[in-house]
Amino acid sequence: SRSAVGGTSCPLCCGTDCAAAEMSWAGRRWGRRQRAVLWAVLLAAWEAAAWGQLRYSVPEELPKGSFVGDVAKDLGLQLPELRARGVRIVSEGQTQYFFLHGKTGHLVTAERIDREQLCRQVEKCVLPCELIVEGEMKFYEIEVEIKDINDNAPSFREAEIDLRMSETTAPGSRFPLPDAHDPDWGRNSVQSYELSGDEHFSLAVQAGPGGDQRPELVLAKALDREEAAFHELLLRAMDGGDPARTGTARIRVTVVDTNDNAPVFSQAEYTVRVPEDVPVGSVLVTVTATDGLVKGEMGWRKAEAGDRRGPESGVWAASGPCL
Ligand SMILES: [Ca+2]
Ligand SMILES: [Ca+2]
Ligand SMILES: [Ca+2]
Ligand SMILES: [Ca+2]
């Protein structure tokens, strides 16, 4: 889980030993005056450029005090030298993310580092700092890359999504759905969506201009409010981490009624035989009708004079003597 990439690679390509070798080579070829000029140039270069660069990489979210790199070994310094020469680590900005462990010469984390907080939407998250050797007026650049781990699950802004659709909506119609958010980077962020719950609906995912994924609800099969007035679906977003993490949102589709059914009587014709002295108010016949699958939502209107109906039931009774 921890690694150090690269060791020393100095812009001047060397340390003090190399500088001395270069001086002796210069001394053989040039006189005292030229050597003085060379010294001046080298001194200027020491002040302007770092003496080396160290690169390490560590995963985010490590606990405080975790190993980052063996600085003493990579710089070729002995541990007593580190302490004697006043070596210290300076981070850019207010926060000190790393420090040098005096006993081991290791660079270690000074606090838990959250990549999402430091480098939102940045592919390569690098924290620069400097190792300063005060006794020798040297400094070394250190770059620590913070690698992403899959420590966030995709999430939807709203856990419940309410949609209303007319029952006459044509199959194939599409409805945009909210996308999920996952602050991790690359494959650790949202990779795919899944829909479950109902054969009436399927899922399509469009690619946005920035390569982002936009889920859409597709009506796969015609709706019928008389069959089902609501449809409960589950939208799932998954990232590509190992193991993968998921986030879900519930979708509730309310089917809006349209008048797509005519009332149908239970019989096309009712025949009633009534004696001529039937008392007024006697029930002659009870008729029933349905409208779609929903009962009791109809009004009744008598078609012929002579009888009257009960207010709710469709009961027809004698209203006067039969002639
Ligand atoms: Ca994190
Ligand atoms: Ca994630
Ligand atoms: Ca992360
Ligand atoms: Ca209807």
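Taken together, the values in this text are just the output of simple stated rules run on the coordinates, not laboratory data. Keep in mind that what you see is a predicted model, and the values were worked out from it rather than measured. Virtual Cβ from ideal backbone geometry, glycine too; neighbours counted across all protein chains shown.
The 3J(HN,Hα) values that the Karplus relation (6.51, -1.76, 1.60; θ = phi - 60°) gives for the range 251-260 are, in residue order, 10, 10, 9, 9, 8, 8, 6, 10, 7, 9 Hz. Gly and Pro appear as x. Backbone phi angles across the range 188-201, fed through the Karplus curve with coefficients 6.51, -1.76 and 1.60 (θ = phi - 60°), yield HN-Hα couplings of 6, 9, 4, 10, 7, 10, 9, 10, 9, x, 7, 5, 6, 10 Hz in residue order; Gly and Pro are listed as x.
Computed from the C-beta positions of Ser266 and Arg120 and an R0 of 51 Å, the FRET efficiency is 0.15 to the nearest 0.05. Gain on full extension, evaluated as 0.36 nm per residue between Ala244 and Arg112 minus their Cα-Cα distance, stands at 45.2 nm. Any of Lys73/Lys103; Lys73/Lys138; Lys64/Lys147; Lys103/Lys147 with alpha carbons more than 21 Å apart? Name them for me. Result: Lys103/Lys147 exceed 21 Å. Taking 0.36 nm per residue of separation and subtracting the Cα-Cα distance, full extension of the segment from Phe230 to Glu216 would add 3.2 nm. The HN-Hα couplings worked out from phi for the range 158-175 by the Karplus form 6.51 cos²θ - 1.76 cosθ + 1.60 (θ = phi - 60°) are 10, 6, 10, 10, 9, 10, 10, 9, 5, 6, 9, 4, 6, x, x, 5, 10, 10 Hz, whole numbers, x standing for Gly and Pro.
Arrange the peptides 72-85, 204-217, 107-120 so that the one whose residues have, on average, the most other Cβ atoms within 10 Å appears first.
Numbers: 72-85: 15.1, 204-217: 12.2, 107-120: 17.1.
Highest mean packing first, the order is 107-120, 72-85, 204-217.
Ranked by the mean number of other Cβ atoms within 10 Å of their residues, highest first, the peptides 126-138, 265-277, 156-168 come out as 126-138, 156-168, 265-277.
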